[in-house]
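As structure tokens, the structure follows; a few thoughts come after it.
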Amino acid sequence: MTNICVIGAGHVGLVTGACFAELGNSVICMDDDVKKIEGLKNDVLPFYEPGLEVMVVQNKRAGRLSFTHSLEDSIAGSNIIFVAVGTPQKSNGEADLTSIENVARRIACALDGYKLIVEKSTVPIKTGDWIHKTIKLNCKKGVEFDIASNPEFLREGTAVHDFMQPDRIVLGVESERAARLLIELYKPIHAPVVRTNVKTAELIKHASNSFLALKISYINAISNICEKTGADVLKVAEGMGYDKRIGKDFLNAGVGYGGYCLPKDISAFIKMAEEIGYDFELLKAVQRVNNYQRQQIVRKAKDALWNLQGKTVGILGLAFKPDTDDMRESPSMYIIRELQKQEVLIKAYDPQAMDTAKNFLQDVEYCQNPYEAASGSDALIFLTEWDEFKNLDFVKIKRLLKQPIIIDGRNIFDPLTMKEHGLTYFGIGR
Ligand code: NAD
């Protein structure tokens, strides 16, 4: 059993804390958002993530998981400190590392004996060096510590599963002591361990996320070729995906990637490359394709509806992906705002993300179910592939819609079935 402290109780920190507690460790999660911590003390989770609530509550009851907003209290009895605070994007695209620096200073002041400080947040290469320098400058003389990088690869919506059954565990360490502590901690999780130095571990995370974004933009680019030639992108992806060198995942053409990670991590990687004198043109193209893909939906709406002004559009799906209520950088925000600029009235429904969406999107009529969003709308646009949408009653939807138009931004439906229902269907790349 290890005493662990996790700083930042967000999507990564809370899952990390709960999972390590589930594995029998004693975990204290710290966050400077007092409301979040008070909520967690009362079993109220700050976001929706399947399976997490039960795990948090059970581990709290078992005395293995607790919450605080005092950083000093949280690290006092801990051997390993995971830093999982946010690393948002600055207006120039760089990663904003002020929270990381702030936490490093405070850890330094509170250090009273050896601790292992682990970067869990996604950070640019060399951040570990900066954390080391900052702690060294601010801690008591002679206090020992190590810095490690253990990037997180979980996906929102399947975060608990991904944490407990990862494809790999990356450990960036600079000492045997740090390596031993992390290897011991991760022993119950069976996955290949990639042991390397801190800088390489930092780069593995950025290189992985960029590659995933590249794969998405690649198939989206192919979808545009398909639309202009009559080929079907689903079949192209299937034909490509059987090739083991390519693989099936992340080959779903659609409205482009979004969420808290890919957009900001790609920008940060481009910026970081620029700083060291490399123009990462490949990733700039990935971003361009992604933006184009969002615009495609607005173009399709225009093609289908002629004049957009004064039309009503039902949007099904607001979250950037299913099984989360996370709206950060969701393509739906861009698409809805673009439609609103053209004076389209928006009715929207999402199984989980409507409360969060209210913080980001104004003048939207939020509906109780998909049928209410369809009712009286000139078109229905699908932007998130929630399971709930897969078995909708399209006879009813056709009756409710003012015009029988479906724009399927996630290729959820079969075009022929839609046609049989008398619906005019627009998919992506088919
Ligand atoms: P989040 O916004 O959900 O959580 C970050 C938390 O840190 C917030 O609760 C915030 O209050 C807290 N925080 C910020 N500054 C703090 C400070 N100085 N002291 C204490 N708490 C502080 O973010 P997240 O999605 O959990 O992401 C965290 C990091 O993990 C980011 O670097 C992100 O890129 C990376 N990451 C995210 C995911 C994901 O799917 N969300 C996956 C892998 C990696």
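The values are calculated or read from the model by the stated rules, or taken from the named source; none is laboratory data. Predicted model only: the values in this text are computed from it and were never measured. Cβ: placed from backbone, ideal geometry, glycine included. Neighbour counts: every protein chain shown. Each accessible area value is taken on the protein alone, full model and side chains, heavy atoms only, with ligands, DNA and RNA left out. Shrake-Rupley method; radii C 1.70, N 1.55, O 1.52, S 1.80 Å.
Restricting to segment 97-115, name every residue that is of a type in the set (Asp, Glu) and more than 10 Å from the ligand (Cβ to nearest atom).
The answer is Asp112, and nothing else.
So which of Val193, Val173 ends up being within 21 Å of Met1 (Cα to Cα) and open to solvent by less than 70 Å² (accessible area, probe 1.4 Å)?
Within the list Val193, Val173, the selection yields Val173.
Can you name the residue in segment 257-268 that is closer than 18 Å to Leu282 by Cα and open to solvent by less than 10 Å² (accessible area, probe 1.4 Å) and, of all such residues, is farthest from the ligand (Cβ to nearest atom)?
Across segment 257-268, the extreme among qualifying residues is Ile266.
Would you pick out the residues in segment 201-219 that are among the β-branched types (Val, Ile, Thr) and either assigned by TED's automatic domain parsing to the domain that holds Gly247 or open to solvent by less than 30 Å² (accessible area, probe 1.4 Å) (or both)?
Ile216, Ile219
Quick one: would you say Arg328 is assigned to a loop (DSSP other than H, G, I, E, B) and either in the same structural domain as Lys402 (by TED's automatic domain parsing) or open to solvent by 50 Å² or more (accessible area, probe 1.4 Å) (or both)?
Values: assigned to a loop (DSSP other than H, G, I, E, B): yes; either in the same structural domain as Lys402 (by TED's automatic domain parsing) or open to solvent by 50 Å² or more (accessible area, probe 1.4 Å) (or both): yes.
Taking the combined requirement at face value, the residue satisfies it.
What are the pairs with Cβ atoms under 7 angstrom where one residue, in segment 61-87, is touching a residue at least 24 places away in the same chain (Cβ under 8 Å) and the other, located anywhere, is part of a strand (DSSP E or B) and of a type in the set (Ser, Thr, Tyr)? Sequence gap at least six, or different chains.
As it stands, the answer is Arg64/Ser26; Ser74/Thr68, since those pairs meet every condition given.
Looking at Ile297, Ile225, which is the one that is hydrophobic (A, V, I, L, M, F, W, C) and buried (at least 21 other Cβ atoms within 10 Å of the Cβ)?
Exactly one residue qualifies, and that residue is Ile297.
Of all residues in segment 305-321, how many are in contact with a helix residue (DSSP H, G or I) (Cβ under 9 Å, 6 or more places away or on another chain) and more than 21 Å from Asp265 (Cβ to Cβ)?
Residues that pass the stated criteria total 8.
Out of all the residues in segment 139-157, which are more than 10 Å from the ligand (Cβ to nearest atom) and open to solvent by less than 60 Å² (accessible area, probe 1.4 Å)?
Scanning segment 139-157 gives Cys139, Val143, Phe145, Asp146, Ile147, Ala148, Ser149, Asn150.
Please go through segment 373-399 and give me each residue that is touching a Phe, Trp or Tyr at 6+ places or on another chain (Cβ under 7 Å) and either open to solvent by 50 Å² or more (accessible area, probe 1.4 Å) or on the phi > 0 side of the Ramachandran plot (or both), ordered by number.
Lys396
Among the residues of segment 233-244, is there at least one that is in contact with a helix residue (DSSP H, G or I) (Cβ under 6 Å, 6 or more places away or on another chain), within 20 Å of Ala319 (Cα to Cα) and at pLDDT 95 or above?
Looking for residues that are in contact with a helix residue (DSSP H, G or I) (Cβ under 6 Å, 6 or more places away or on another chain), within 20 Å of Ala319 (Cα to Cα) and at pLDDT 95 or above, one finds none in segment 233-244, hence no.
Restricting attention to segment 290-335, report how many residues are β-branched (Val, Ile, Thr) and within 19 Å of the chain's Cα centre (by Cα).
Here the count works out to 2.
Among what's in segment 69-98 and is open to solvent by 50 Å² or more (accessible area, probe 1.4 Å) and part of a helix (DSSP H, G or I), pick the residue that is nearest to Arg328 (Cα to Cα).
Thr98
Output the residue which, of all residues in segment 342-356 that are of a type in the set (A, V, I, L, M) and closer than 18 Å to Ala374 by Cβ, is surrounded by the fewest Cβ atoms within 10 Å (Cβ to Cβ).
Leu345
So Val118 fits all but one of (1) under 23 Å from the mean Cα position of the chain (by Cα); (2) part of a loop (DSSP other than H, G, I, E, B); (3) on the phi < 0 side of the Ramachandran plot; what number is the exception?
It fails just one condition, (2).
For segment 132-149, how many residues are touching a Gly at 6+ places or on another chain (Cβ under 6 Å) and over 17 Å from Arg177 (Cβ atoms)?
Here the count works out to 0.
Name the residues in segment 113-127 that are within 13 Å of Ala76 (Cα to Cα) and open to solvent by 20 Å² or more (accessible area, probe 1.4 Å), would you?
Gly113, Tyr114
Consider only pairs whose beta carbons are under 9 Å apart and that are at least six residues apart or on different chains; among these, list those whose first residue lies in segment 293-308 and is in a loop (DSSP other than H, G, I, E, B) and whose second residue is open to solvent by less than 20 Å² (accessible area, probe 1.4 Å) and of a type in the set (Val, Ile, Thr).
If the second residue must be open to solvent by less than 20 Å² (accessible area, probe 1.4 Å) and of a type in the set (Val, Ile, Thr), the pairs left are Leu308/Val298; Leu308/Val344.
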